[in-house]
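First comes the structure, then the notes that go with it.
Only the coordinates and a few stated rules stand behind these numbers; no lab work does. Values in this document were obtained by computation on a predicted structure and should not be read as measured data. So basically every Cβ, Gly included, is an ideal-geometry build from the backbone, and we count neighbours across all protein chains shown.
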Amino acid sequence: MPLGRICPGVDRRGASTRGWSQTSILGRAMEIHQLRYFVAVAEESSFSQAAQREHVSQPSLSQQIHKLEEELNQQLFDRLPRSVVLTAAGRCLLPYARTILTSLADAGRAVTALEAEVAGRLAVGAIPSIALYILPRLIGRFQHAYPKVTFELFEDTTAKLAQRLEDGTLDLVIASGTDESPNLARHSLGREALLLLVPEKHLFARRKSVRWKDLADEKFLLLHDEHSLSIHVRQLLAANDLKPELVLRGAQLVTIARMVAAGLGVTVIPEMMAATEFVKDCVAVPFAKPVPTRELTLLRNPLRTESKAAAAFREEAAAVFLRQPSPIRKADEG
């Protein structure tokens, strides 16, 4: 039976037709791992990245996608030279595949939750400007207390991690700047000061503090626009009537710090980065009051059953952030 009879607007070639029958898709011999691979390719827009995410070889993943397309008698992806994109049939199948995978995950968690011990798989996401500085210590402490929990870690922008939470592919996310995700439950982890990072020989390096108006002639290096820290810093610059020269945008804060050390300009970093080796040959200078901060939050999907492992990790995360050597300020400060 062609997919056009089960998916509105799709015919044998992925073109427009009508009708969707739930019984017809349930009668197909689709396998769960094929749907998981399909969702991974759709989200990554790449067979190789999807294979890496699913911990399988690319030929094996491609073969399973091909089998799924044969079973549905539809092409689900257009293979372009540098990416893959969903066909109309693929776009129609995607929400159903996500629903099936989420329901299966919830079923497993509901059963596992009946057990007394904290165990199982925990999928955690974090934005890059948090992951590198907090997760090693946090996960180390957690696994010492709960050795039967295994982790899958994902680093990405807040928006993409929030989408994975809503899709059910992540259990928890540690992020910043999440007002655009109203469907997610937010647990505040406090506020953290932001600092100006300058080369160690910079004029500001010996100052006890710096004011925004002092930065009018400085060259700035920032993360790409989609990163929450970059969004926040650009908002702070605008609020202080600054339009500095932007000489570089990057994907990793550590790389930007090395560029600062090389004298290319200055940047703004979170306080948790200041005491690490990643700011070698640089100086982190505090801002004068009112001190700029960012709010750190832990996100979860309230529509999903929270596992014992997820609940325990959420509690441990709150405790670790409160015990930060460089104090993270409460939301009513700064």
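Scaling the Cα radius of gyration of region 84-144 by the globular reference 2.2 N^0.38 Å produces a ratio of 1.64. Summarising the amide proton neighbourhood of VAL84: residues at separation of 5 or more, or on other chains, whose placed amide H is nearer than 5 Å comprise SER46.
For LEU246, the residues whose amide H sits under 5 Å from its own are PHE220, ignoring neighbours fewer than 5 places away on the same chain, with H placed 1.01 Å from N.
The residue list VAL233, PHE38, SER188 was ranked by how far each Cα lies along the charge dipole of the chain toward its positive end, using unit charges on Cβ atoms, and VAL233 comes out on top. Candidate cross-link partners of LYS243 among the aspartates and glutamates, defined by an alpha-carbon separation under 20 Å and a same-chain spacing of 8 or more, comprise ASP214, ASP217, GLU218, ASP225, GLU226. Working note: 222 nm ellipticity from helices only, DSSP H runs with n ≥ 4, each -39,500 (n - 2.57), summed and divided by the residues of the chain, gives -12500 deg cm²/dmol to the nearest 500.
Shape descriptor for the chain: Rg over Rh equals 1.04 (Cα atoms; Rh from the Kirkwood inverse mean 1/r). If the chain linking GLU152 and LEU264 were pulled fully straight, counting 0.36 nm for each residue of separation and taking away their Cα-Cα distance, it would gain 36.7 nm.
Using the Cβ-Cβ distance between ASN183 and ALA110 with R0 set to 30 Å, the FRET efficiency from 1/(1 + (r/R0)^6) comes to roughly 0.90. When only alpha carbons of region 109-251 are considered, Rg and Dmax amount to 19.2, 61 Å.
In straight-distance terms, cross-link reach from LYS280 covers every one of the lysines whose alpha-carbon lies under 27 Å from its own, apart from those fewer than eight places away in the same chain; here that gives LYS201, LYS208, LYS213, LYS219, LYS289. Distance between the pseudo-spin-label points of GLU200 and LEU248 (7 Å out from Cα toward the beta carbon): 1.8 nm. On full extension, the segment bounded by SER48 and SER209 gains 53.3 nm, given 0.36 nm per residue less the C-alpha separation. Residues ASP156, ASP106 in ascending order of nearby Cβ atoms (within 10 Å, fewest first): ASP106, ASP156.
This ranking places LEU132, LEU253 by how few other beta-carbon atoms lie within 10 Å of each, fewest first, which gives LEU132, LEU253. Once both labels are positioned 7 Å from their Cα atoms along Cα-to-Cβ, the gap between LYS280 and SER60 label points is 3.8 nm.
Taken as entire DSSP H runs, the helices of the chain that both span 20 Å or more between Cα atoms along their own long axis and average 0.0 or more on the Kyte-Doolittle scale are 88-112, 128-145, 308-322. Computed as a quarter of the hull surface, the mean projected area of the alpha carbon convex hull for region 192-293 stands at 5.6 nm². Reducing region 293-315 and region 26-91 to their Cα centroids gives an inter-centroid distance of 30 Å. If R0 is 30 Å, the Cβ-Cβ spacing of ALA318 and LYS289 corresponds to a FRET efficiency of close to 0.65.
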